1. Greater than 27 Å separation of Cα atoms is the criterion. Which listed pairs, K46/K121; K39/K104; K39/K151, meet it?
2. Return the carbon/sulfur percentage of the accessible area of the stretch 59-160, one whole number, probe 1.4 Å, all protein chains in place.
3. Using modelled backbone amide H atoms (1.01 Å from N, in-plane), which distant-in-sequence or interchain residues come within less than 5 Å of L125's amide H?
4. Estimate the FRET efficiency between K121 and W31 by the formula 1/(1 + (r/R0)^6), using the beta-carbon distance for r and 30 Å for R0, to the nearest 0.05.
5. If you build a Gaussian network model of the chain, linking Cα atoms that sit under 10 Å apart, which residue out of A32, A130, A110 swings the most?
6. Please find, in a Gaussian network model of the chain (springs between Cα atoms separated by less than 10 Å), the residue of H51, H128, H87 whose mean-square fluctuation is greatest.
7. Which residues in the stretch 29-69 have a backbone N closer than 12 Å to a point placed 7 Å from the Cα of S88 along the Cα-to-Cβ line?
8. Please state the charge dipole magnitude for the stretch 84-137, taken about the Cα centre, from unit charges on C-beta atoms (+1 on K and R, -1 on D and E), reported in debye and rounded to the nearest 20.
Amino acid sequence: MTGLLCGENSCLYAPWIQAHKRIVKAKREDWALTTWKVKHSELVKKTQAEHESAGWSMKVEDQNYWRLRGTSAVLTGKCDLVGHREHSGSFRVIDCKTGEPRAKDKIQVAIYCIALPLAWKRPTLQIHGAVVYPDHTIWIEPDQADTIREKLFALIRQIG
């Protein structure tokens, strides 16, 4: 869906298949995947530690699975990191990327910023997002995420 929203992909068939059929991915554990897992895990742990030292309470990967049931489809996801600051009520969602920056990285975080408040049944909650790369961070503000809201839900309805 991220590729469709940012214009990198134009075929609706692949997400339709994923939405309507149970596809089992082939297990592929080659050296490139192992290397990626190590780098990604290191970046997630480093980012988590930085945010915790700044006063954020952080949840990691499997703790962040969410599911949003709509009228035509179910949208699910698993964020790398979700942070909360108790005293301010602020929330932040972070996705760590070890490769080259792509437009769909920002779209992925924007989707999290839109979907998490709905999945948590707190629709007015404003969530700030970030895409963290090894050498820089791109912040996604709630109003930036809102610019794709209508297109996201229209695409979900179309695929559903």
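The values are calculated or read from the model by the stated rules, or taken from the named source; none is laboratory data. No experiment lies behind these values; they were computed from the predicted model shown. Quick reminder, even Gly has a Cβ in these numbers, built from the backbone with ideal geometry, and neighbours come from all protein chains shown. The area values use the complete protein model at the heavy-atom level, side chains included, leaving out ligands, DNA and RNA. Shrake-Rupley method; radii C 1.70, N 1.55, O 1.52, S 1.80 Å.
1. Numbers: K46/K121 30 Å; K39/K104 20 Å; K39/K151 33 Å.
Violating the 27 Å Cα-Cα cut-off are K46/K121; K39/K151.
2. Values: 2680 of 5530 Å².
Carbon and sulfur together cover 48 percent of it.
3. none
4. Working: r = 43 Å, r/R0 = 1.43.
That gives a FRET efficiency of 0.10.
5. Looking only at A32, A130, A110, the largest GNM fluctuation is found for A32.
6. The residue that fluctuates most here is H87.
7. 54-57
8. On the way: 8 positive and 5 negative charges, 45 e Å.
Dipole size: approximately 220 debye.
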